[in-house]
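Below is one structure; the comments refer to it alone.
The values are calculated or read from the model by the stated rules, or taken from the named source; none is laboratory data. Just so we're clear, the structure is a prediction, and the values are computed from it rather than from any experiment. Cβ sites come from the backbone with ideal geometry, for glycine too, and all protein chains shown count toward neighbours.
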Amino acid sequence: MQARNICVVTGTRAEYGLLYWLMRDIESDPALTLQLIVTGTHLETKFDHTVDVIEADEFQIDARIPIELSDDESAAIAHSTGLAVSGIAKAFVNLCPDLVILLGDRFEILAAATAATICNLPIAHIHGGEVTEGAIDDAMRHAITKMSSVHFVAAEAYRNRVVQMGEHPDTVFTVGAPGLDHIARTELLGDVGIAKILGIGTDLPYVLITLHPTTRQKAPDEAEIEALLEALACMQDHIAIFTGVNADAGHDAITKRIQTYVADNPSRARLFNSLGQVRYLSAMKYAAIVVGNSSSGIIEAPAFGVPTVNIGDRQKGRLRAASIIDCAAKTEDISRAMTTALSKEFRDAYEDNLCPYGAPGASTKMALIIRDLDFGQLAQKSFYDSPPERIAS
């Protein structure tokens with residue numbers, strides 16, 4: 001049997017990190033041929049040109065689709081989305097994949113899903129069924145679900161939601177979160193190694209911070225970053241390690257404010273536009289707490305047993321571990337949450353709590369399912385009506 005062409009599309013550093021082990025598993029399976037399309041922030045110097053990381057990992061890149069991410073206004077993001085649809089569609093025509101794999105909910109991935117749908121290519125979607133009420137990504141995720149034929153979800157509650165959206169139960173697989181695979185399969189740095197990269201002493205506790213725009217709120221994102229920076233005054237004994245802001249509309253204002261803060265506080269603040277998956281997860285493993293509104297604080301941090309202070313509504317609706325403290329984007333609330341997260345009493349209370357996103361192994365499960373798919377049936381997708389009693393419950 002001829003190997004099936006499995007095309008992965010990646011547009012950001014974070015999503016590439018989640019796809020890494022699935023790509024390795026596809027690459028090593030003689031029944032599958034990995035194809036790779038790279039777009040989005042990977043190709044932007046402003047975001048550390050992370051395509052270099054993909055090349056260093058020795059993945060063959062089959063197509064590069066630049067989409068002009070110099071402007072962070074909403075209209076500019078819409079323009080970039082249009083460029084992505086056009087460019088990715090042309091790549092699909094050239095590559096002729098049997099299946100397109102997409103992860104998540106960003107505008108680049110919505111563009112890829114649109115292009116695949118128009119090109120009549122089946123899609124396997126990862127991390128569907130989730131809810132993030134504070135971001136426009138929420139609507140994009142659900143739209144991608146409806147364009148997809150196969151669904152790899154991170155928890156049973158998400159599987160139920162995808163079925164509720166009209167996807168046949170036989171096409172929805174609960175595999176867990178692929179980001180957790182790094183815990184079992186990736187050799188992370190030790191405390192000395194990561195401290196050297198962060199430029200701090202091994203005896204200095206630090207807070208790992210990632211704050212993205214909350215794209216569905218009316219209040220300006222500047223208010224959230226100001227509240228966080230003011231709250232850091234209660235953390236004088238900790239170094240603030242900031243990671244780069246993503247390419248959502250409004251990212252420039254947050255980035256500039258962080259840059260100013262770091263410049264004004266060189267002894268207790270650092271900014272890294274992109275740590276990469278190994279260094280980022282290593283930093284997370286040894287952090288005192290994780291702070292911000294990134295999905296990594298919801299999914300990966302609990303797996304390391306590191307407490308998370310989740311700010312605002314960006315991640316509102318996701319399943320939570322007991323190690324997560326939600327707080328409003330106000331200085332006093334953030335300060336109170338960080339103080340609580342650092343306390344021994346809080347850590348003792350959640351010590352035996354299980355991560356709601358399963359255990360490592362999602363990538364291997366997905367690769368095996370993909371290998372055994374009946375590709376001829378993928379084009380037969382139709383709306384699945386849940387039984388009346390299920391809808392009522």
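Brief remarks on what is shown
- Filtered residues of region 326-384 (kept if among the hydroxyl-bearing types (Ser, Thr, Tyr) and within 23 Å of Met165 (Cα to Cα)): Tyr357, Ser382, Tyr384
- Residue within region 85-105 that is in the same structural domain as Thr145 (by TED's automatic domain parsing), within 26 Å of Gly179 (Cα to Cα), under 22 Å from the mean Cα position of the chain (by Cα) and at pLDDT below 95 present: yes
- Region 330-358, subset modelled with pLDDT of 90 or more and among the hydrophobic types (A, V, I, L, M, F, W, C), residue farthest from Ala184 (Cα to Cα): Ile334
- Taking region 38-51 as the range and being buried (at least 20 other Cβ atoms within 10 Å of the Cβ) and closer than 11 Å to Pro66 by Cα as the test, the residues that pass are Val38, Thr39, Gly40, Thr41, His42.
- Filter result (among the β-branched types (Val, Ile, Thr), assigned to a helix (DSSP H, G or I) and either free of Cβ contacts under 8 Å to residues at least 12 places away in the same chain or over 8 Å from Ser282 (Cβ atoms) (or both)) within region 186-196: Val192
- Cβ pairs under 6 Å, 6+ apart, first in region 273-289 and closer than 25 Å to Asp252 by Cα, second among the acidic types (Asp, Glu) and assigned to a loop (DSSP other than H, G, I, E, B): Asn273/Asp48; Ser274/Asp48
- Against the test of being part of a helix (DSSP H, G or I) and closer than 23 Å to Thr117 by Cβ, the options Ile88, Ile67 yield a single qualifying residue, Ile88.
- When the strands (runs of 3 or more DSSP E) confined to region 117-176 are screened for residues that are surrounded by fewer than 20 Cβ atoms within 10 Å (Cβ to Cβ), those reaching at least 1 such residues are found at 172-174.
- The residue that is surrounded by the fewest Cβ atoms within 10 Å (Cβ to Cβ), counting only those in region 205-222 that are modelled with pLDDT under 85 and assigned to a loop (DSSP other than H, G, I, E, B), is Lys218.
- Filter result (modelled with pLDDT under 90, of a type outside the set (Ser, Thr, Tyr) and touching a Ser or Thr at 6+ places or on another chain (Cβ under 9 Å)) within region 252-311: Asn273, Leu275, Gly276, Gln277
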